[in-house]
Amino acid sequence: MTALHALLPAHAEPIPEGAYTKVFWRIVPFLMLCYVIAYLDRVNVGFAKLQMSQDLAFSETVYGLGAGVFFIGYFLFEVPSNILLHRVGARVWIARIMITWGLLSAAFVFVSTPGMFYVMRFLLGLAEAGFYPGIILYLTYWYPAHRRAKIIAVFMSAIPVAGIFGNPLSGWIMDAFQGHGGLAGWQWMFLIEAVPAVLVGLLVLVWLDNGIRSARWLDEAEKHYLEREIAVDRVGTKSDHAVGAIFMDPRVWAMCLIYFCFVMGQYGLTFWMPTLVKATGVKGNFSIGLLSAIPFACAIVAMNVLGRSADRQRERRWHLVVPALLGAVGFVVAASFVQNTWVSIAALSLAAAGVLSCAPLFWSLPTSFLSGAAAAVGIAAINSVGNLAGFVSPYVIGALKDATQSTQAGMYVLAGMLVVGAISVLRQPARLVNR
């Protein structure tokens, strides 16, 4: 960085933060909006379950399998989707993803059998594949590694934001629209919550730029500075010439394992939160939604505090290990006090703060040694393998709940996976990831 600044003229000194401020306000809030919509459409099936399972006679295992099969489609198309995004540009490809998943999400009103449920969840995963890793890749076009954890944490605050606003909204829609027009409340929820995906998908075509050079809202000096920041950051990383070696790199597979463990916790929490809250004795979908929002509010604070701290200290491993272990403690306590609403909410808040902080902090690890086309493939590969936990987690919890008539065993499994993930993080060399 010193050599870079030496090459810049004196008058350019105010440029860095001014340029990054422009970039932040132009792209990050908009990407957050996109991800709020994406995450809501991905996990609102957790609220639909409160009515749909009874209306359609779905067992806990059927629900868990249907919730999880989304990630099979997601897995199959992740890498091809990210390669296409890198080639055709983020603007067109992200718009395509959002419009497609919005239309499919609306089509859930027609689900009436377990088979239809599985097929629609699979197709939804296929449609949404590439969105999240595509955004992570897109942020590497704008931000160097030492700024990335904070930005990814802000972007991923969309997950708890989706929980804070989406859970009460989903509960309210299901209660308020039940029976209107001959449709159940859960059908109205799918239909109404699909509309923003299509509308914002169309807006992507107008608002989003493919990269620094095409951004007309930056002047030439700002573009020059930002491009040099990215160029310096990519020195020593695997790039366009190393794509074929990605799948042979043991570091990539280590990242897959770590991310798999953290995603187990993330989706165990988000898919089953309404059920866990209801099990404590809370009545009414809207009340369940309001109480489910509390853990997500706690997660927003933790994610952003830890993201800023990780960038400021340029330390990645312990910033991941500590929240992972706290998340494990939260799951164990929640499982042990399932009949006490407020103890359960407090424990779930700890679990949410820990688990949801892991994902944005995690992405500082692989992006510290991947860039260019290698990053497009590597990020997508890690995300697709890791997100198979999104299939395993709800299915295992559902099967264990059917077998034991309790969510305790599932919560203990999630806690164990977070501990495995934390240990795996500590096995990564500090010199590799602390950038």
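The values are calculated or read from the model by the stated rules, or taken from the named source; none is laboratory data. Everything numeric here is computed off the predicted structure, so don't read it as measured data. All Cβ positions, even for glycine, are placed from backbone atoms using ideal geometry, and neighbour counts span all protein chains on display. For accessibility, only protein heavy atoms count, side chains too; no ligands or nucleic acids. Shrake-Rupley method; radii C 1.70, N 1.55, O 1.52, S 1.80 Å.
A few comments on the model shown:
- Residues considered: Met116, Met189, Met156, Met174. Of these, the only one that is out of contact with any His (no Cβ under 7 Å at 6 or more places or on another chain), open to solvent by 20 Å² or more (accessible area, probe 1.4 Å) and not acidic (Asp, Glu) is Met116.
- Pairs, first under 20 Å from Phe30 (Cα atoms) and of a type in the set (Ser, Thr, Tyr) in the stretch 78-101, second in a helix (DSSP H, G or I) and open to solvent by less than 50 Å² (accessible area, probe 1.4 Å), C-beta under 9 Å, six or more apart: Thr100/Ala127; Thr100/Glu128; Thr100/Ala197; Thr100/Gly201
- Glu222 being among the acidic types (Asp, Glu) and open to solvent by 30 Å² or more (accessible area, probe 1.4 Å): no
- Scanning the stretch 300-331 for residues that are under 15 Å from Gly410 (Cα atoms) and either in contact with a strand residue (DSSP E or B) (Cβ under 6 Å, 6 or more places away or on another chain) or open to solvent by 30 Å² or more (accessible area, probe 1.4 Å) (or both) yields a count of 1.
- Any hit, the stretch 394-415, residues being open to solvent by 50 Å² or more (accessible area, probe 1.4 Å), at pLDDT below 85, under 26 Å from Leu126 (Cα atoms) and not acidic (Asp, Glu): yes
- Residue identified as open to solvent by less than 50 Å² (accessible area, probe 1.4 Å), modelled with pLDDT of 90 or more, in a helix (DSSP H, G or I) and of a type in the set (A, V, I, L, M) among Ala334, Ala346, Ala352, Ala293: Ala352
Let's see how each residue does on (1) part of a helix (DSSP H, G or I); (2) in contact with a Gly (Cβ under 9 Å, 6 or more places away or on another chain):
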position	(1), (2)
Val392	yes, yes
Ile397	yes, yes
Tyr412	yes, no
Met417	yes, yes
Gly421	yes, yes
Ser424	yes, no
Gln428	no, no
Arg431	yes, no
